[in-house]
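Here's the structure we're looking at; comments come further down.
The values are calculated or read from the model by the stated rules, or taken from the named source; none is laboratory data. What you see is a predicted model; the values in this text were computed from it and never measured. For neighbour counting, all protein chains shown are included, and Cβ atoms are generated from backbone atoms with ideal geometry for every residue, glycine included. Protein only, heavy atoms only, side chains kept; ligands, DNA and RNA dropped before computing areas. Shrake-Rupley method; radii C 1.70, N 1.55, O 1.52, S 1.80 Å.
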Amino acid sequence: MAPEESTSLRSETAPSPTPAPSGPAPGTPEPAGAPGTTRAKGLLAVLMPVGIVLAALNLRPAITSLGSLLEEVRDGLGMNGTLAGLLTSVPPFCFALFGFLAPRLSKRFGAGTVVCGGMVAITAGLVIRPFTGNTAGFLAATVLTLAGIAVSNVLMPVVVKNWFPDRVGSMTGLYSMALAVGTSLAAAVTVPLNDALGGGWKGGLGIWAVLGAVAVLPWAVLSRQGRAAERESAANPAAPGPGDALRVTRSRTAWSLACFFGLQSTAAYITMGWMPQIFRDAGISAGTAGVLLAVTMALGIPLAFVIPRVAIRLPQQGPVVIVLGLCGLGGYLGLALAPAGGAWIWAFLIGISNCAFPLALTMVGLRARTGPGVVKLSAFAQSTGYLISIPGPLLVGILNDATGGWGVPILFMACLMVPQIIIGTLAGRNRTIEDEHLAKAA
């Protein structure tokens, strides 16, 4: 998720712990005529939500569909566990790298144009990667797809804020729900679709290019309109605020939040990349393993709305961190002891635990009390967090190769819950990076 998404979340739902020194009160929705925004009207008011939903639906199927068919891909391309682990580590690496580049691309070409390009990259990568014939080509096509996902992931909330300034919360909720639907849908139906297309694995991965191609169509229109809106925004820049002087890398709260974001991302990408294979190796069919992953991902649809609203009503978010972490511990320990016998229970518990993601985004909004502070904190926490998460899926593959089983890798996954609980509790303390900055300056 993008820095701007955390900003929009805060503007509609998160009360500030302390009053901002200047500017509109935190928690006040941005007025429709604010600088840097343009209200969608007429046909665009209909076309833009359609484009937002279609784009969000495309931001996870490339990852969860691969998890459902990882065994077939490994056999087809001759990958060992280490290479497969590298493959599952590629998404967070690309999100960190290309997500960092997205604001620069947006400044040069316009957010709508870059999102349109992202949909084209997703579609092209999904078409190419089943037919490359070797691991290097498969990885390269996967990187192309993930580059499109990364830039779109970052810039979609910018589009929402620019075109729906008076409905940021509702449109972000629509976007988040479509994202979760795309994630769980790909996990649930990839194997049945693959079987219907003749088996193997190429059809099951390539079919998702159709969804990407559909998303390109509205964005080809919206990119032209977006450039006009962004030119208008550039002519009315917002005045600099008190958060502009912050040095977020000197904040202990920022580092705690970045580490928490990284640990929960590690768990999420291990789950998406490896959980179906763990269930399959326990004797569960490929189709059922995909449905189990879909259940895990689908829990994010309702909980993404519930958890932020619970978190903002607490003076500290540590209790929520602890509950989610204990669910993860229970799920992983159960997965180690009885992977097949309690599969649905473990999938449910791990799904609840993975909802630390919306909690992390909520805490970004709560740990900063100025607009520039939220953007800086979110950019730092997410980019650093994604970098932290890169080794996790790779280590799971290495441990599986080295031990010949899933006991040690699952124990590793369970152990990660302990620092996630500790660091998340520290990140959830009732303080802001601005207060830390002022305290050090004094």
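Each residue of the range 355-369 is assigned a 3J(HN,Hα), and the resulting list reads 7, 5, 5, x, 5, 4, 5, 5, 5, 4, x, 7, 8, 9, 10 Hz, derived from the Karplus form 6.51 cos²θ - 1.76 cosθ + 1.60 (θ = phi - 60°), x at Gly and Pro. Rg then Dmax, both in Å and based on the Cα atoms of the range 302-399: 15.8, 50. Here the label points at Arg313 and Ala338, each 7 Å from Cα along the C-beta direction, are separated by 3.5 nm in the simple model. Karplus-derived 3J(HN,Hα) values for the range 308-315, using 6.51 cos²θ - 1.76 cosθ + 1.60 with θ = phi - 60°, are x, 6, 6, 4, 6, 8, 9, x Hz; glycine and proline are entered as x.
Any idea how far the Cα center of the range 293-332 sits from the one of the range 356-414, in Å? The range 293-332 and the range 356-414 have Cα centres separated by 15 Å. Computed from phi, the 3J(HN,Hα) profile of the range 331-337 under the Karplus parametrisation 6.51, -1.76, 1.60 (θ = phi - 60°) reads x, 5, 5, x, 5, 6, 8 Hz, with x in place of Gly and Pro. Each label was represented as a point 7 Å from its Cα along the Cα-to-Cβ direction; for Arg252 and Asp75 these points are 5.3 nm apart. Legend: calculated FRET efficiency, Arg429 to Val306, from the Cβ-Cβ distance at R0 = 30 Å, rounded to 0.05, equals 0.85.
Averaged over residues, the count of other Cβ atoms within 10 Å places the peptides 258-270, 309-321, 275-287 in the sequence 258-270, 275-287, 309-321, highest first. Straightening the chain between Ala441 and Ala136 buys 104.7 nm, computed as 0.36 nm per residue apart minus the Cα-Cα spacing. Relative contact order, whole percent, for the range 85-222 stands at 33, derived from Cα pairs under 8 Å and 6 or more residues apart. When Lys202, Lys107, Lys376 are compared by accessible area at a 1.4 angstrom probe, the order from most to least is Lys107, Lys202, Lys376.
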